[in-house]
Each structure stands twice: as C-alpha cells, then as structure tokens.
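Enquirer: One structure, as structure tokens, below. Some questions next.
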Amino acid sequence: MKIRFKLNGREIEAEVEPNTLLLNLLREHLHLTGAKYGCGIGECGACTVLLDGEPILSCLTLAVEVDGREITTIEGLARDGELHPLQRAFLEEGAVQCGFCTPGMILTAKALLDENPNPSEEEIREYLKGNLCRCTGYVNIVKAVKRAAEEMAR
Amino acid sequence: MRQSFRFIGRSTPRMDGVAKVTGREIYASDIYLPDMLYARVLKSPYPHARVKHIDVSGAERLGAVVVTYRDVPDVVYCPRLVSTPEATYKDWRVLTGKPLYVGDPIAAVAAESEELAQRALEAIEVEFEVLEPSFDPLESMRPGKPLLHERIRYMGEEVEVENNIACTMEIEQGDVERGFEEADVVLEREYRTNRRYHCQLEPKTAVVRPEPGGGVTIWTTTQSIHNTRLLIHEIFGIPVGKINVVKTALGGAFGSSIQTNIVVPIAVALALKARKPVRLAYTREEDLHEHCAYQMIFRLKLGARRDGRLTAGSLEAILDIGAHQIQAYPLLGCLVGWWVSLYKLPNLRYVGKAVYTNKVPSCAMRGYGNPQITWAVESLMDELAEELGLDPLEFKLLNHVGLGDLFWGQGPTVKSIIKSSGVEELVRRGARLIGWDKRPKPGAQRGRYRRGIGFGRGFHTSSAGAPVPGTVVDYTGAMLKVNEDGTLDYVTAMMDCGGGTLTAHAKIIAEEIGVPLECVNIVRADTQTTLYDVCTHASRGVYAGGAAALQVAREVKRKLLELAARVLDAYPHALKIRPDEERGQGVIYVEGVEGREITIGELASMARHKNWGTIAAVASVRQGSCPPHFTAYFVEVEVDTETGKVRPIRVVAGADVGRVINPKLAEGQIHGGFAMGWSMALLEDTPYDPRSGDLLNKGFITDYKLPTARDLPPLEDFQVFFVETEEPTGPFGAKGLGEGALNPVAGAIANAIYNAIGVRFYELPITPDKILKALKGGERR
C-alpha cells in the first residue's frame with residue numbers, strides 16, 4: 001500500500017504492507033534509527049515519536065495510520081543545525097547517559113511543553129512516567145525539562 | 001595543596017551527547033546492512049529436557065538458513081573472558097541439545113525478513129524428553145537430583161559435577177570459634193536476595209557480516225569488543241586478525257554484556273553458513289530470558305564486644321547461578337572480598353557455593369554481588385548496634401576498613417592497601433544533612449504513615465588492578481596522535497556504557513597536555529585498530545582506562561615539547577602549553593619570554609613538512625591496585641501501614657570517588673545508583689512458575705517493577721555531595737564510582753523501614769505484601 005505523510009517537515013511517500021509497524025518503517029526503510037526498539041509492546045517508551053504533535057508509541061502504530069498526517073522524530077527536532085532547547089538542556093544537565101531512552105524522552109517532553117509551557121516538577125514526572133530510563137534515576141532528566149521550559153519562556 | 005584545573009572537576013557535557021540527543025548515535029541494534037538476513041532463535045519451552053528428535057526441513061523448504069546444536073562447533077566455552085584459566089569453568093555451547101532453562105537456544109534460522117524467519121522457526125519440529133528440573137539451589141544440591149551438567153571443563157580437563165554444585169570456595173582466618181566466644185553479643189541471620197533483571201534499555205543484538213577470506217565483522221551489544229573477538233576465535237577458530245568487532249554505542253548494560261551475549265556466536269554460525277550478513281536482535285521477552293543478577297542466600301553471623309569491636313564473622317553463601325557459569329567462581333572470591341572489606345573481622349570463616357538451577361543464567365549486575373552482601377551486612381550491623389546499645393554510625397565507623405588497611409578488593413587474589421578514604425567525613429556530613437540525631441525511635445510511631453531514616457555505607461573497587469598478576473585480567477590500551485591542525489585522535493577499545501567514561505578520558509588528555517577539550521577526538525574504533533582492553537566493568541573506566549589515557553597524553557606532551565624546543569630555541573623544561581580557546585588548539589610557549597610560541601597545529605604541520613614523523617604515543621597500562629571508592633546513603637522513607645507501600649521522602653548521598661572529573665555526570669551515577677537500589681530493595685524480582693518452569697512475568701517488563709519518574713524523590717529532597725580525596729594511583733587522583741553508587745542503597749532503605757515500623761526484613765524485595773503481613777502479625781524479630 002502507498003502512504004503519504006509529512007516526516008520531519010518533508011512530504012514523503014512510502015510503500016508499506018498493511019501490517020508494517022511505524023517503528024520498522026522509520027528504522028529499516030527510512031533509515032531513521034533515532035526511535036528505538038526497547039520492548040515492542042508499549043512498555044518502555046523508547047520508540048516514542050510525535051504524531052501531529054502528540055507522543056505515540058511507534059512500535060504499536062501501524063504505518064498506514066499515519067497516512068496524511070505529520071510525524072516528527074528526534075532527527076527532525078533540531079532545525080538548521082540548531083539544537084532544540086530540550087536537546088541543549090539534556091546535554092547541559094547530564095540527562096543523557098547511555099542515551100537509548102533519550103530520543104523518546106525528549107519527544108515526550110516536547111509534547112508536554114507544547115501542551116503546558118510551565119509544568120511543575122510533579123507534572124513533569126507524571127507526563128514522563130511512560131518512558132523508562134535505567135541510568136539516570138530521572139533526576140537530571142527532570143532538571144533538563146525544567147530548564148528547557150525556563151529557556152523557552154524567555 | 002589543591003591544584004587548579006582547567007577541565008578536571010568542572011561539569012562538561014558528554015562528548016557523544018550531541019549525537020545522542022539528535023538521534024544520530026549508532027547502537028548495535030541500529031545496524032542494518034544491504035542484503036542482510038534476519039535471524040530468530042528456537043528456544044526450549046521446558047526448563048530441563050533432552051532433544052530426542054529435531055526436523056528442520058520445513059524451515060529449509062521456506063528458504064531459511066538453519067543451524068542446530070548439531071551444526072555448531074563442538075566447543076565448550078565460558079562466554080566471559082575476564083578471568084584467567086585458573087578461575088574459569090566452562091559449561092556453554094553455542095546451541096544445545098539438552099536445554100537447561102526455558103529459553104535455552106536449540107536452533108536458529110535466518111531469512112530475508114523477520115516474518116519469514118519466524119515462520120521458518122515455527123516450521124521446525126522438535127521432540128523433547130522432559131527431565132526433572134530444580135528451581136531452588138537448596139533443592140538442586142540434594143543428592144539424587146538430576147544433574148544439569150554431568151561434566152564441565154576446567155583448564156582443558158573434564159571435571160565431574162557433584163550435586164549440581166558448580167564451584168565452591170572456603171576461607172578461614174584466625175580462630176572463628178574463639179572469636180565468637182570473646183563476643184558479648186552474637187547475631188546470626190539468614191538473608192535471601194531477589195533475582196533481578198538488568199533491564200538495560202537496549203536488548204541484546206548482534207549483526208555479523210562474513211568477509212571475503214573467511215573473516216567476520218561484528219557489531220554487538222558488548223562491554224568488551226576484544227573479549228568478544230577472542231571468544232569467537234575460540235569457538236569458530238577464525239584467525240583473530242580476521243575477526244573485527246566494531247565499537248558502537250551501548251544502550252546500557254550494567255554487567256549484562258561483560259560476557260559475550262549468546263546472540264553473537266549464534267549470528268556468527270548463521271552468517272558463516274548463509275554467507276550473508278545476519279542480524280539477530282533479541283526481543284525484550286527474549287532478553288529477559290538471557291540474563292539476570294545472582295540470587296543469593298546468606299547465613300551471616302557477627303559477634304562484637306560491648307565496646308563495639310567486632311570479634312568474628314562467618315558467612316555461608318549459596319549462589320543460585322541458574323543454568324550456566326558465567327563468572328560464578330570469581331564471584332565466590334569477590335563476595336568474600338566485599339564482605340571482609342566492609343568491616344574488620346579479626347577472625348572469619350567463609351563458605352561459598354555456587355549452585356546450578358534450571359533458570360536463566362546469572363551474571364554480574366552493577367556491583368557484582370556487592371549490593372547483595374552489603375544489604376545483609378548493613379542490616380545486621382544495624383541490628384547488632386541496637387543490641388549493643390550503640391549508634392549504628394559510631395559502630396560502623398569504629399569497625400570500618402579504611403585508610404592504611406588491607407583491602408581485599410576483588411577477592412583473595414587481589415589485595416592492596418587503602419591509600420585514600422573519605423569515609424569518616426561522608427558519614428559525619430551525611431548525618432548532619434539528613435538530621436540523623438532527630439530520627440525516631442524504631443517502632444515507636446503509631447498512625448497510618450510512619451517515617452524512618454536509615455543509613456547504609458559501602459564501597460566498590462575501582463578496577464581489578466593489583467600489585468601481582470592474580471586471576472583477573474585488567475589492563476587497558478590507548479593511542480594518541482597529533483593531527484596537523486592541532487587536534488588529537490584518541491583511540492581506545494574501551495566502551496562507554498553510558499557513564500561518560502570516554503569524555504572523562506578526553507578531559508584527562510586535555511588537562512594533561514593543555515589543549516581545549518574539543519581538540520580531543522574520540523575515534524570510532526574496532527578491534528583491528530585498537531590495543532586490548534579487558535572490559536568496561538568493575539568501575540574501572542575512569543580509574544584504569546583513564547590511567548592509560550593519561551600515560552599517552554604525558555608521552556605526547558613530552559614529544560611536543562621536545563620538538564617545540566628545537567623550533568623555539570628553548571629548553572623543553574622551560575616550555576608550557578596553554579589551551580587557546582580562540583585559536584581552538586593548544587599553544588606551546590616559553591614561559592616569561594613574550595612572542596616565543598607556536599601552536600600545536602603549526603608544530604604538527606612542520607613535523608610533516610620536515611618529515612619528522614607523526615607525534616604519537618601508544619601504551620598498555622595495568623593499574624597496581626584497585627582502590628575502593630566509598631559511598632554513604634542516608635534515606636528517609638514513609639511506610640503506609642494500610643497499603644504496605646513505601647515512599648522515598650529524602651535522600652542524602654555522599655561519595656568519595658577520589659578527585660571528581662565531571663561533577664554532573666558523577667552525580668548522575670549516584671542518581672541512577674539510588675534508583676536501582678530503590679527497586680532492588682522494594683520492587684524487582686523474577687520469580688518462576690514451578691509448573692511451567694518459565695518466568696512468571698513471561699518476559700514482560702510490565703510485570704517487572706522498575707521505578708518510573710513518579711516513584712523517586714523530588715529534586716530538592718535528593719542531595720548528593722562528594723568528599724574529594726586524592727587517590728595517589730588514580731589519574732589526577734580519581735577513583736571509580738559506578739558500582740559504589742548502588743551498593744549500600746538497599747541496606748540504607750531496609751534500615752529506614754525498620755526505623756519507621758520496627759520490623760526487619762530478611763528477604764528482598766520488601767514488597768507491600770510482606771510489610772502488611774509483618775505488621776499484621778506484630779512480628780518484630
């Protein structure tokens with residue numbers, strides 16, 4: 001089946017099977033490996049991408065579902081070589097260790113800040129609860145999201 | 001005197017950070033090659049069985065390439081190559097006809113798509129003879145129980161296994177009986193730990209490409225590219241030079257890839273047969289059937305005099321290692337090492353037994369047995385202090401192994417003297433910050449929510465270095481060369497599991513030579529272009545790996561100054577190098593003489609034009625000790641006596657890691673260590689279903705309780721501090737950190753729970769069920 005959708009700001013066309021998962025389409029056919037496979041069944045959040053700005057689990061989403069819609073992956077977040085404030089904050093706050101949860105974590109955090117530009121710490125923790133991280137204990141991640149929110153408010 | 005540093009001790013972003021936040025970092029699981037086949041593995045549905053018959057023709061008819069236990073080399077190996085042959089037992093085969101746990105690989109297929117591979121897998125017909133399994137080590141050791149392995153290999157010989165005991169170790173020092181007689185109080189308790197799963201976010205993966213001429217290129221989740229290479233050589237006989245293992249980023253490991261994961265030899269076998277690249281990427285469920293932490297049963301006994309001095313200790317440890325040995329024997333040694341290096345025991349006896357059970361093979365998991373034994377010791381010391389009427393802090397400080405003491409580090413073969421210790425200050429400062437003096441009396445509270453404060457301390461070795469060779473391989477190679485623009489290429493085989501290890505190396509190099517940090521380029525390397533490094537484990541990345549980085553930096557600096565001395569017409573010892581951020585490189589200058597200077601780039605270019613050659617250095621470095629880094633945790637918890645749930649209220653964590661290289665990333669190790677310790681104490685376990693012999697959670701992490709962002713204390717209530725010491729053997733005085741960050745956490749939490757509700761628990765995890773049951777029964781031991 002042919003699908004058309006906007007991927008990181010660019011219109012694209014892809015030939016997919018009815019059962020092709022969005023995660024596999026991105027990783028194997030479009031060579032965007034930023035979204036990670038961590039569990040394949042929606043337990044860990046490492047495959048998170050944005051669908052029309054909403055965080056979704058690309059391992060549970062069929063490619064055909066994104067036909068006519070807009071997908072943002074971690075590769076599309078930096079514009080013109082300029083890091084997104086969340087990306088900068090993750091770097092500066094030491095919120096990245098092994099980095100495997102990072103793309104999903106940053107995109108989930110972006111959806112949060114788009115929804116709520118000034119979240120409390122509790123709201124941040126609540127919003128990120130579906131993204132597992134085994135390295136950081138979430139401390140520097142929460143700090144980074146707060147910092148990015150502050151920077152974006154300026 | 002405190003030196004001033006330009007890079008050391010200042011927080012700098014990790015150098016692979018931009019790649020990681022932009023999704024451009026490449027992990028082994030991100031490797032997809034042209035014309036690649038997808039592999040799937042056929043696994044045993046039984047915990048103990050024998051394959052009577054296997055028919056793969058259905059799979060082959062679908063066009064799949066198939067290998068079974070009959071097709072792989074008849075080599076018995078140990079997947080972990082960190083120990084010397086004297087400390088290595090071998091009981092693994094690539095695929096098996098006698099599966100020993102649910103999930104044991106029997107055959108594997110490769111096909112053009114994952115779907116086709118799965119169909120092929122399902123077309124394989126297997127007939128099993130089901131054997132009696134054992135899931136508990138005590139049961140497994142009983143005479144007459146079916147043996148998992150009848151014979152295993154040691155030093156090239158076959159050895160018989162008796163009563164499923166994989167290996168044992170016994171150590172006795174002093175006169176234990178007399179030691180206990182001299183004690184005024186003797187306590188003996190039995191502790192049982194949980195069977196945890198690493199849950200590194202990246203499931204185990206191997207991509208193997210056969211090369212013309214019989215070689216292979218391998219991308220895999222590993223903590224040691226060189227040991228992966230050597231193991232593939234050992235199993236398949238491919239010349240070492242024709243095996244190239246390429247470094248990729250690693251999505252966490254926590255010890256689960258010290259050994260070469262089973263996906264690697266399986267993918268090699270398939271790729272060699274298919275003559276095409278093969279990708280074998282485990283699902284999460286498969287990964288949960290690949291490794292777990294060692295579950296341990298301790299009978300621990302300690303005796304002390306009224307004045308608080310310990311007089312004797314005895315420890316019987318039974319390790320439930322699962323179906324295979326990965327490092328059970330060295331672990332028996334480390335376990336006694338961790339135990340006797342916490343507190344001074346004038347008389348001691350240790351008996352350790354590692355026992356096979358029909359469960360997933362166990363391996364190191366952050367701390368390598370240290371979190372387990374430290375939980376038990378810190379619990380019993382707390383209990384003993386109470387019996388003696390002493391403050392646990394004072395009791396522990398009085399007995400702790402500290403500065404100038406003999407340290408067993410990585411076990412009886414790795415002994416050294418402690419040359420730096422911040423223990424006393426860690427404990428005193430932590431106590432002040434948490435308000436130790438104001439903590440409640442144990443069990444005195446009433447009401448639904450009860451709070452308590454607990455203390456736990458511990459340590460871990462930094463590397464497995466030692467003054468003598470011992471039975472652990474521990475050294476690191478490094479290369480450093482100066483490019484023509486003043487940048488430097490740093491080449492190391494060492495992996496960065498996420499701790500920021502290689503960023504620390506770059507900082508050490510930049511500091512030593514005097515160049516901007518951005519000048520140090522960490523080369524994407526592989527086994528063919530690097531010197532041997534044993535592994536990124538044992539908290540050795542900064543201490544041991546960093547020592548190699550420092551050595552090549554010193555050598556390069558010496559050569560730079562020698563050449564610059566010619567050019568600048570000055571003596572080498574009168575020259576200095578400063579990092580010039582504007583020019584983006586280091587500048588060599590004659591101190592006190594204005595205008596007499598040259599950039600490193602100009603010098604390197606001149607060296608090229610004048611044919612002086614490349615300015616470079618290479619070193620292979622072995623550390624002569626494995627100094628302990630120390631940690632102390634003070635944790636306040638709240639127990640909900642109606643639901644049995646425990647909530648973290650406050651954490652104060654102190655660490656002596658020698659000199660801190662990168663504070664924010666160092667703090668990150670503590671944060672992550674606490675989170676892992678929190679769930680070790682309260683949440684994580686992988687129980688088995690005795691009927692199916694499979695994991696009760698079937699491999700789903702939904703049913704494996706990990707902490708989420710919601711479950712941990714608020715930012716302002718998690719305080720981390722460092723007590724800086726100068727470790728004379730460490731690069732710029734640095735020690736390790738990764739494992740010490742976890743080791744005492746469960747003990748501190750268990751003591752906090754006791755302080756809140758007056759109940760001690762001897763089995764992990766301390767679940768709401770256990771808490772409610774204990775409160776209901778009014779149980780107070």
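Any read-out appearing in this document is the output of simple, stated calculations on the displayed coordinates, not a laboratory observation. Small disclaimer: the values here were computed from a predicted structure and weren't measured. Cβ: placed from backbone, ideal geometry, glycine included. Neighbour counts: every protein chain shown.
Enquirer: Would you kindly derive the ³J(HN,Hα) couplings of the range B:249-255 from the backbone phi angles with the Karplus curve 6.51 cos²θ - 1.76 cosθ + 1.60 (θ = phi - 60°), listing them in order in whole Hz, with x for Gly and Pro?
Expert: 5, 10, x, x, 8, 6, x
Enquirer: Would you calculate the separation in nanometres between label points at B:GLU122 and B:VAL618, each defined as 7 Å from the Cα along the Cα-to-beta-carbon direction?
Expert: Taking the two extended label points, one gets 5.3 nm.
Enquirer: Also: Would you kindly give the portion of the calculated P(r) for the range B:1-135 that falls above 24 Å, as a percent of all Cα pairs?
Expert: Values: 4897 of 9045 pairs.
Summing the P(r) tail past 24 Å for the range B:1-135 gives 54 percent.
Enquirer: Measuring from centroid to centroid over Cα atoms, what is the spacing of the range B:563-581 and the range B:709-781 in Å?
Expert: For the range B:563-581 versus the range B:709-781, the Cα centre distance is 51 Å.
Enquirer: Give me Rg/Rg_expected for the range B:610-690, where Rg uses Cα atoms only and Rg_expected = 2.2 N^0.38 Å with N residues. Please report the intermediate quantities before stating the final value.
Expert: Numbers: Rg = 22.0 Å, N = 81, 2.2 N^0.38 = 11.7 Å.
It is 1.88.
Enquirer: Using unit Cβ charges (K, R positive; D, E negative) and no other charged atoms, how large, in debye to the nearest 20, is the dipole of the protein assembly as shown about its Cα centre? Numbers along the way, then the final one.
Expert: Numbers: 109 positive and 121 negative charges, 219 e Å.
For the protein assembly as shown, the charge dipole is close to 1040 debye.
Enquirer: Across peptide A:99-112, how many C-beta atoms of other chains are within 10 Å of each residue C-beta, on average? Can you show the working numbers first?
Expert: Details: counts 17, 13, 4, 8, 6, 2, 2, 4, 1, 0, 0, 0, 0, 0.
For peptide A:99-112, the averaged partner shielding equals 4.
Enquirer: Principal axis lengths of the range B:386-460 from Cα atoms, whole Å, largest first?
Expert: 51, 23, 22
Enquirer: Which value at 222 nm does chain B reach when only helices count, each DSSP H run of 4 or more adding -39,500 (n - 2.57), with the total divided by all residues and rounded to the nearest 500 deg cm²/dmol? Spell out each step's value before the answer.
Expert: On the way: 18 runs with 199 residues, N = 781.
Calculated mean residue ellipticity at 222 nm is -7500 deg cm²/dmol.
Enquirer: Could you list which residues have their amide H under 5 Å from that of A:LEU7, counting only those 5 or more apart in sequence or on another chain, with H placed in the peptide plane?
Expert: Long-range HN contacts for A:LEU7: A:ILE12, A:ILE71.
Enquirer: So how long is each side of the range B:310-463 along the principal axes, counting just the alpha-carbon atoms, biggest first, in Å?
Expert: Cα spread of the range B:310-463 along its principal axes, largest to smallest: 48, 43, 27 Å.
Enquirer: Same structure, new question: Among A:GLY99, A:VAL142, A:PRO119, flag the residue with its Cα farthest along the positive direction of the charge dipole of the range A:85-153, charges on Cβ as +1 for Lys/Arg and -1 for Asp/Glu.
Expert: Farthest towards the positive pole: A:GLY99.
Enquirer: Return the sequence-ordered ³J(HN,Hα) values of the range B:55-60 in whole Hz as given by the Karplus equation 6.51 cos²θ - 1.76 cosθ + 1.60 applied to θ = phi - 60°, using x for Gly and Pro.
Expert: Those phi angles translate into 10, 9, 4, x, 5, 5 Hz.
Enquirer: Order of B:588-594, B:506-512 by packing, highest average Cβ count within 10 Å first? Present the calculation step by step, with values, prior to reporting the outcome.
Expert: Values: B:588-594: 15.0, B:506-512: 25.4.
For the peptides B:588-594, B:506-512, the packing ranking is B:506-512, B:588-594.
Enquirer: What ranking, highest mean first, results for peptides B:631-637, A:72-78 when packing means the other Cβ atoms within 10 Å averaged over each residue? Kindly include the intermediate steps, with their values, before the conclusion.
Expert: On the way: B:631-637: 29.9, A:72-78: 21.9.
Averaged packing, sorted descending, gives the order B:631-637, A:72-78.
Enquirer: To continue, here is another question. Determine the relative contact order of chain B: mean sequence separation of Cα pairs under 8 Å and six or more apart, normalised by residue count, in whole percent.
Expert: Working: 2026 pairs, mean separation 125.1, N = 781.
Worked out over chain B, it gives 16 percent.
Enquirer: Something else about it: Given 0.36 nm per residue, what is the gain on full extension from B:ASN611 to B:GLU112 after removing their alpha carbon distance, in nm? If you can, show how the numbers build up before the last one.
Expert: Working: separation 499, 0.36 × 499 = 179.64 nm, distance 5.21 nm.
Stretched fully, the B:ASN611-B:GLU112 segment lengthens by 174.4 nm.
Enquirer: Now for a different question. Please list 3J(HN,Hα) in residue order for the range B:287-294, calculated via the Karplus relation 6.51 cos²θ - 1.76 cosθ + 1.60 where θ = phi - 60°; whole Hz, with x for glycine and proline.
Expert: Each residue's phi maps through the Karplus curve to give 4, 5, 9, 9, 7, 7, 7, 6 Hz.
Enquirer: Something else: Along the Cα→Cβ direction, 7 angstrom out, place labels at B:THR168 and B:LYS438. What is the inter-label distance in nm?
Expert: For the pair B:THR168/B:LYS438, the computed spacing is 5.3 nm.
Enquirer: Take every residue in peptide A:124-132, count the Cβ atoms of other chains within 10 Å of its Cβ, and give the average of those counts. All intermediate terms of the calculation are to be shown ahead of the outcome.
Expert: Values: counts 3, 7, 3, 2, 3, 5, 2, 2, 7.
Taking all residues of A:124-132 together, the mean is 4.
Enquirer: At a temperature of 20 °C and a viscosity of 1.002 mPa s, determine how fast the range A:85-153 diffuses translationally according to Stokes-Einstein, using the Kirkwood radius over alpha-carbon pairs as Rh; express D in µm²/s, rounded to the nearest whole number. Walk me through the numbers before you get to the answer.
Expert: Working: Rh = 11.5 Å.
Approximately 187 µm²/s, per Stokes-Einstein.
Enquirer: Moving to a separate point now. Mind giving me the nanometre distance, one decimal, between the label points for B:LYS776 and B:THR283, set 7 Å out from Cα along Cα→Cβ?
Expert: Between B:LYS776 and B:THR283, the label points sit 3.7 nm apart.
Enquirer: Taking the highest mean first, how do the peptides B:132-143, B:354-365 order by number of other beta carbon atoms within 10 angstrom per residue?
Expert: Details: B:132-143: 16.6, B:354-365: 27.7.
Highest to lowest by the protection proxy: B:354-365, B:132-143.
Enquirer: Same structure again: In Å and whole numbers, how far do the C-alpha atoms of chain B stretch along each principal axis, longest first?
Expert: Principal axes ranked by extent give 84, 74, 48 Å for the Cα atoms.
Enquirer: What's the exposure ranking of B:TYR294, B:TYR688, going from fewest to most Cβ atoms within 10 Å? Before the final figure, lay out each step's value.
Expert: Details: B:TYR294 26, B:TYR688 22.
The most exposed by this proxy come first: B:TYR688, B:TYR294.
Enquirer: Any idea which of B:ASN662, B:ALA675, B:VAL651 is furthest toward the positive side of the dipole for the range B:624-713, if Lys and Arg beta-carbons carry +1 and Asp and Glu beta-carbons -1?
Expert: After comparing all options, I get B:ASN662.
Enquirer: Which helices pass in chain A if a helix is a full DSSP H run, must span at least 15 angstrom along its long axis by Cα, and must have mean Kyte-Doolittle hydropathy not below -0.5?
Expert: Details: long enough: A:102-115 (20 Å, 0.51); A:139-153 (22 Å, 0.23).
In chain A, the long hydrophobic H runs are A:102-115, A:139-153.
Enquirer: Let me ask something additional. What are the equivalent ellipsoid semi-axes of the range B:32-81, built from the alpha-carbon gyration tensor (square roots of five times its eigenvalues), in whole angstrom, biggest first? Each step should come with its number before you reach the end.
Expert: Details: eigenvalues 103, 75, 27 Å².
Rounded to whole Å, the semi-axes are 23, 19, 12.
Enquirer: Give, rounded to the nearest 20 debye, the magnitude of the charge dipole that the range B:336-432 has about its Cα centre when Lys and Arg contribute +1 at Cβ and Asp and Glu contribute -1 at Cβ.
Expert: Values: 11 positive and 10 negative charges, 115 e Å.
Dipole magnitude for the range B:336-432 comes out near 560 debye.
Enquirer: Sticking with this one: Among B:CYS626, B:CYS535, which comes first, second and so on when ranked by fewest other beta-carbon atoms within 10 Å? Working shown, then result.
Expert: On the way: B:CYS626 31, B:CYS535 28.
Ranking B:CYS626, B:CYS535 by Cβ neighbours within 10 Å, fewest first, gives B:CYS535, B:CYS626.
Enquirer: Give the average, rounded to an integer, of partner chain Cβ atoms located within 10 angstrom of each Cβ in B:195-208. Mind showing how you got there, number by number?
Expert: Numbers: counts 0, 0, 0, 1, 5, 5, 17, 9, 6, 0, 1, 0, 0, 0.
For this peptide, the per-residue mean of nearby foreign Cβ atoms is 3.
Enquirer: Further question on the same structure: Output needed for the range B:659-776: three equivalent-ellipsoid semi-axes, defined as square roots of 5 times the C-alpha gyration tensor eigenvalues, in descending order, whole Å.
Expert: On the way: eigenvalues 213, 71, 38 Å².
For the range B:659-776, the semi-axes come out at 33, 19, 14 Å.
Enquirer: Moving on to the next point. Select from B:ALA312, B:ALA464, B:GLY144 the residue farthest towards the positive end of the dipole of the protein assembly as shown; place +1 on Cβ of Lys and Arg, -1 on Cβ of Asp and Glu, and compute about the Cα centre.
Expert: Value computed over the given set: B:ALA312.
Enquirer: Wrap a convex hull around the Cα atoms of the range B:430-530, take a quarter of its surface area, and give that in square nanometres. Can you show the working numbers first?
Expert: Details: hull surface 52.5 nm².
For the Cα atoms of the range B:430-530, the hull's average projected area reads 13.1 nm².
Enquirer: Between B:ASP71 and B:GLU158, what length in nm is gained on full extension when 0.36 nm per residue of separation is reduced by their alpha carbon distance?
Expert: Numbers: separation 87, 0.36 × 87 = 31.32 nm, distance 2.24 nm.
In short, 29.1 nm is gained.
Enquirer: Quantify how much of the Cα-Cα distance distribution of the protein assembly as shown extends past 39 Å, in percent.
Expert: Details: 184205 of 436645 pairs.
Looking at the protein assembly as shown, the distances longer than 39 Å represent 42 percent of pairs.
Enquirer: While we're on this one: Give me the compactness ratio for the range A:2-76, meaning the Cα radius of gyration over 2.2 N^0.38 Å.
Expert: Values: Rg = 10.9 Å, N = 75, 2.2 N^0.38 = 11.3 Å.
Ratio of Rg to 2.2 N^0.38 Å for the range A:2-76: 0.96.
Enquirer: Evaluate the relative contact order of the range A:85-153 (contact order divided by residue number), counting alpha-carbon pairs under 8 angstrom at least 6 apart; express in whole percent. All intermediate terms of the calculation are to be shown ahead of the outcome.
Expert: On the way: 70 pairs, mean separation 36.1, N = 69.
It rounds to 52 percent for the range A:85-153.
Enquirer: Give me A:ASP80, B:ASP689 sorted ascending by neighbouring Cβ count inside 10 Å, so fewest comes first.
Expert: Numbers: A:ASP80 4, B:ASP689 14.
Lowest to highest Cβ neighbour count: A:ASP80, B:ASP689.
Enquirer: Another question about this same structure. Evaluate the charge dipole of the range A:85-153 about its Cα centre and quote only its size in Debye, nearest 20, assuming +1 on the Cβ of each Lys and Arg and -1 on the Cβ of each Asp and Glu.
Expert: Working: 8 positive and 10 negative charges, 60 e Å.
Dipole of the range A:85-153, to the nearest 20 debye: 280 debye.
Enquirer: Further question on the same structure: What are the residues whose amide H is under 5 Å from the amide H of B:PHE128, where those residues sit 5 or more places off or on another chain and H is modelled from the backbone?
Expert: B:LYS52
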